[in-house]
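Note sheet for the following structure.
The values are calculated or read from the model by the stated rules, or taken from the named source; none is laboratory data. Predicted model, so just to flag it, every value in this text is computed and none were measured. All Cβ positions, glycine included, derive from the backbone under ideal geometry; neighbour counts span all protein chains shown.
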Amino acid sequence: MASAGGLTAATAFLAACGGGSDGEEATDNSTLLSKPVDTTKVAKRTGVIKDRTHADPPTLDGIGANSPWNAVGPHIYSGLVAFKPGILKPTENEVVGDLAESWEIAPDGLTITLKLRQGVKFHNKPPINGRAMDMDDVLFSWDRFVKKGTSRTSFVNSVSPDAPVMSLTSTDSRTLVMKLKEPLVFVLGLFASNSSGYYDIVPKETESTFDPRGDMIGTGPYFLSNYQPSVSFTMKRNPDFWDKDYALADQIDMPIVPEYASALVQFKAGNTYSFGSYGSTPKITAEDVLPLKKETPAVQVFGGDLGNPQGLGTRILVYGWLPDGKSPFVDERVRQAISMSWDRDLYMDTFFNIPQFAAEGLPVDARWNTGLQAIQQGFWLDPKGKDFGPNAKYFVHDVAEAKKLLAAAGFPTGFETTSNYVTGPELPTAKHAEVIDNMISEAGIRSKVNGLDYQTVYIPKYRDARGQFEGWAYKSTAGGAGTFDPVGELANFWWSKGGTTFHGFSVSGKNDQSGDPQVDSMIEKARLERDTERRRALVFDIQRYLAKPMFALYPPGSATGFLVSWPALGNFRVFQGGRPNNGLWVDDTKAPIAKT
């Protein structure tokens, strides 16, 4: 862990913002856990939200994969539709209007007709100068996405013959018509993502008189006021945003603080109000929650979502299928052995601090991931349950059986391989990878680390390479369109027609990336199945089936975590999902702004 000593430019910026370690007393000393309260009706439409991010984007252009961009870009840019935030509960990924205010779906599901919202303006910055958004901007943005967007293979049929969107055209200045190859049940959700590499609306001057690499101009609730590389972002409220009630703060300050230890120090000092609003910004680790609350009682602790609460993110272990026909991972017994080398419960107890939270009366819901993340409520099938079937045994920690499987595969003493992952702040992986690599070594597979540069090496040669490398790699779910939907998630990674996000496996024994015909068939049925219960049954069957070949491995488990904020940040954990800082406001009568 990097030392907190020595002020970087970013921490100097934080110190200049003020704040101290003195806070107000917790309102309820009988419990460690605060309950979120919707205070929107009394919110003051003023103040500065003090947030943070963890890295500089390699470019301010969000057309390509760009993890650090995701902390800022969703404030600035808008799409046709968005996901509706959950209020005092997790989002259910219901699609609502954004720059499209309404739509109709034809009875056969092959045509979607959308109506553009009127009166939308771009940010009042040169060279766009606050002009009205029009259909030309929408079509220009689509054409640019078709040519350059990272996720285009999941959208655009002309790019990938299995992608759903045949065309996006206009019939008049307000009407947009989307033609589909097939009635994909979650297609509008593809357009609701606000991450980099997806379809956002940019001005038609982009790449001519406006350079998106060095500035951001969109139609979102905030505009980029200032960016100092390695120091900070400053965003201010867009007075012309179409939803006048959305932005509840005048400004968002977002210092760039790569080191976790420094970020924790700055949070304790009250120089940031939460531990990072954006989902991939490293959150407070589970082991630091209880000590922080003891040391700084005014800080509030909230229950988090089911997922990976300590900021490791979703890191899928994917296999390299090179050299052709000679990769040890071609043999499913090797893959089964790796899965059985994992002590999933120990991993979750350690990383998620489960025993310590339980001792303080803070129960944690911990679940083993299958071929589907356990966060997919209602569609995840518990491998510890009676309904999973015999393939559940491959999730059970059993090093002796793992060694037997390796011996049967021709590796009685194990073998050596390479563990590939990003070592920089753009995609925090090292802590997770070190633990997993060590568990696998107990079965006899020894690995050496190959550190990857995020932008130039990891994305093209590992994340999007469909297994065309040697060893294994830790891969983010980023770049996979539709992961909000259980079938979309399965299609991204396990369907041979899933584009660059497909893991590249085959059952032929050759490195032909042909996938598994049975998996393909089940996913193709589920993608078009409109009946929820029939879709659920198909998703359950896919999880049961994938547990035997173990073509790739999600992290050991998902769990409910805990998030922290200062009381001055109103509505924290009220609006869940949607844009970062959604619904948050600044209450200057509370700590750390108001001192006790």
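Below is a table of values for the structure above.
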| item | result |
| --- | --- |
| Total residues in region 341-385, condition closer than 13 Å to VAL539 by Cβ, of a type in the set (A, V, I, L, M, F, W, C) and touching a Pro at 6+ places or on another chain (Cβ under 9 Å) | 3 |
| Residue list for region 584-596, restricted to those being surrounded by fewer than 22 Cβ atoms within 10 Å (Cβ to Cβ) and in contact with a strand residue (DSSP E or B) (Cβ under 6 Å, 6 or more places away or on another chain) | ASP587 |
| Residues (of a type in the set (Asp, Glu) and in a loop (DSSP other than H, G, I, E, B)) located in region 125-152 | ASP134 |
| Residue list for region 76-99, restricted to those being surrounded by 16 or more Cβ atoms within 10 Å (Cβ to Cβ), of a type in the set (Val, Ile, Thr) and more than 8 Å from ALA192 (Cα to Cα) | ILE76, THR91 |
| Pairs, first assigned by TED's automatic domain parsing to the domain that holds ASP137 in region 85-107, second among the hydrophobic types (A, V, I, L, M, F, W, C) and surrounded by fewer than 16 Cβ atoms within 10 Å (Cβ to Cβ), C-beta under 9 Å, six or more apart | LEU88/VAL37 |
| For LYS89: the one exception among (1) outside any strand (DSSP E or B); (2) basic (Lys, Arg); (3) closer than 22 Å to LYS204 by Cα | (3) |
| Residue check, SER339 assigned by TED's automatic domain parsing to the domain that holds VAL507, over 20 Å from PRO90 (Cα atoms), among the small types (Gly, Ala, Ser) and under 25 Å from the mean Cα position of the chain (by Cα) | yes |
| Residue list for region 347-370, restricted to those being within 17 Å of LEU317 (Cβ to Cβ) and not β-branched (Val, Ile, Thr) | TYR347, MET348, PHE351, TRP368, ASN369 |
| Of the criteria (1) part of a helix (DSSP H, G or I); (2) without any contact (Cβ under 8 Å) to a residue 60 or more places away in the chain; (3) more than 30 Å from LEU322 (Cβ to Cβ), which one ARG535 fails | (2) |
| Residue match in region 162-184 (condition: at pLDDT below 95, outside the structural domain of ASP520 (by TED's automatic domain parsing), hydrophobic (A, V, I, L, M, F, W, C) and in a loop (DSSP other than H, G, I, E, B)) | yes |
| Any hit, region 158-180, residues being buried (at least 16 other Cβ atoms within 10 Å of the Cβ), basic (Lys, Arg) and out of contact with any His (no Cβ under 7 Å at 6 or more places or on another chain) | no |
| Of all residues making up region 573-589, the number that are modelled with pLDDT of 95 or more and within 17 Å of ARG52 (Cα to Cα) | 3 |
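Matching residues to (1) within 20 Å of PHE562 (Cβ to Cβ); (2) buried (at least 19 other Cβ atoms within 10 Å of the Cβ); (3) polar (S, T, N, Q); (4) at pLDDT below 95:
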| position | (1), (2), (3), (4) |
| --- | --- |
| TYR246 | no, no, no, yes |
| ASP250 | no, no, no, no |
| TYR260 | yes, yes, no, yes |
| SER274 | yes, yes, yes, yes |
| TYR278 | yes, yes, no, yes |
| THR314 | yes, yes, yes, yes |
| ASP324 | no, no, no, yes |
| ARG344 | no, yes, no, no |
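Every residue, every condition in (1) out of contact with any helix residue (DSSP H, G or I) (no Cβ under 9 Å at 6 or more places or on another chain); (2) modelled with pLDDT of 90 or more, yes or no:
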| residue | (1), (2) |
| --- | --- |
| PRO291 | yes, yes |
| GLU295 | no, yes |
| LEU306 | yes, no |
| ALA337 | no, yes |
| PRO363 | no, no |
| GLY378 | no, yes |
| LEU381 | no, yes |
